[in-house]
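Novice: Please read through the structure below; I'll follow up with questions.
The values are calculated or read from the model by the stated rules, or taken from the named source; none is laboratory data. It should be emphasised that the depicted structure is a prediction, and the values quoted were computed from it without experimental measurement. Cβ coordinates were reconstructed from backbone atoms using ideal geometry, including for glycine residues, and neighbour counts include every protein chain displayed.
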Amino acid sequence: MQTFISIFSLAFLFFASCNGQDNNVDAQITGKSKAFKKEIPIYKDGRSKGDTEYLFKAVRQEALELGLDFIENGFDSLQVRIWLGHSMAVKRNVVVLKQVNGQWFGQIITYSYEHNNKDGKQFISDKEIKEVSPKSGWTNFIKALMDLQMLTLPNGQNINGYNSCGGEDGIDYFFETASPEQYRFYYYCNPNENVNQFWQVKNVVEFSNLLEKEFDFTYTK
């Protein structure tokens, strides 16, 4: 139990450093010292300037259809979601990691979409939920998550020189993190094309490979 608590404290230290906060440790854990913050990508120019990006809206809709927790207003302890998607994939996966009362829980949700013949709209036709635990144990897995900075990586589109989201086809990695004081959404498109240029992209690819290894599943790339 002490190990889980120390990892939880470290998670909030990462959140705090990301926001330039200098709160004491107790305040970081309880999330009561600062106003709640959201970090959601928005369009910076063009007709949609100031609006939330369509990729975020798409993930929000999928979370709603899958019946996942609404975490945009925060989560009691810590929740991390990793959405692994490909435009041509028959099955998609979302990995859900939750810390509740000092203990970690994991799920892999695998689902498929079909189109309604009448109006052409997509709907989830198949969904499977699997409870999982990392092969190396939660302590080692969460340490790897922290070492790879998965709670604090910038949105890929904010990295100078990195822009691989030019169309609808390709591989997308979406990340959501929620705590009592913050919600973040960020994403990386086609990271394998840029893995040797940006350390942030390398971390994303390494973490996605770690997920497959630790939770024994295959993400169709």
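Novice: What do you reckon, is GLN149 at pLDDT 95 or above, within 21 Å of ALA63 (Cα to Cα) and either surrounded by fewer than 22 Cβ atoms within 10 Å (Cβ to Cβ) or touching a Gly at 6+ places or on another chain (Cβ under 8 Å) (or both)?
Specialist: Spelling it out, it is not the case that GLN149 is at pLDDT 95 or above, within 21 Å of ALA63 (Cα to Cα) and either surrounded by fewer than 22 Cβ atoms within 10 Å (Cβ to Cβ) or touching a Gly at 6+ places or on another chain (Cβ under 8 Å) (or both).
Novice: Checking the condition assigned to a loop (DSSP other than H, G, I, E, B), free of Cβ contacts under 8 Å to residues at least 40 places away in the same chain and over 20 Å from GLN107 (Cα atoms), which residue from TYR162, TYR188 passes? Give the derivation first.
Specialist: On the way: TYR188 fails: assigned to a loop (DSSP other than H, G, I, E, B).
On inspection, the qualifying residue turns out to be TYR162.
Novice: What are the residues in region 185-204 that are touching a helix residue (DSSP H, G or I) at 6+ places or on another chain (Cβ under 9 Å), surrounded by fewer than 17 Cβ atoms within 10 Å (Cβ to Cβ) and modelled with pLDDT of 90 or more, if any?
Specialist: Within region 185-204, LYS202 is the sole residue that qualifies.
Novice: Filtering region 162-184 down to residues that are among the hydroxyl-bearing types (Ser, Thr, Tyr) and under 16 Å from VAL80 (Cβ atoms), which residue is surrounded by the fewest Cβ atoms within 10 Å (Cβ to Cβ)?
Specialist: It comes out as TYR183.
Novice: For region 131-139, check the following and say yes or no: at least one residue is in a loop (DSSP other than H, G, I, E, B), surrounded by 15 or more Cβ atoms within 10 Å (Cβ to Cβ), without any contact (Cβ under 8 Å) to a residue 60 or more places away in the chain and on the phi < 0 side of the Ramachandran plot.
Specialist: There is no residue in region 131-139 that is in a loop (DSSP other than H, G, I, E, B), surrounded by 15 or more Cβ atoms within 10 Å (Cβ to Cβ), without any contact (Cβ under 8 Å) to a residue 60 or more places away in the chain and on the phi < 0 side of the Ramachandran plot.
Novice: Determine which member of the set PHE217, PHE174, PHE207 is in contact with a helix residue (DSSP H, G or I) (Cβ under 9 Å, 6 or more places away or on another chain), among the hydrophobic types (A, V, I, L, M, F, W, C), assigned to a strand (DSSP E or B) and within 27 Å of ASP69 (Cβ to Cβ).
Specialist: PHE174
Novice: So, in region 63-96, how many residues would count as being more than 16 Å from TYR186 (Cβ to Cβ), among the charged types (D, E, K, R) and under 14 Å from the mean Cα position of the chain (by Cα)?
Specialist: Residues flagged as more than 16 Å from TYR186 (Cβ to Cβ), among the charged types (D, E, K, R) and under 14 Å from the mean Cα position of the chain (by Cα) within region 63-96 amount to 1.
Novice: I'd like to know if region 40-55 contains one or more residues that are more than 26 Å from PHE217 (Cα to Cα) and in contact (Cβ under 8 Å) with a residue 60 or more places away in the chain. Explain how you work it out, then say what you get.
Specialist: Going residue by residue through region 40-55, those that are more than 26 Å from PHE217 (Cα to Cα) are 40-54.
When the remaining residues are screened for being in contact (Cβ under 8 Å) with a residue 60 or more places away in the chain, the result is 40-41.
The answer is yes; a qualifying residue exists.
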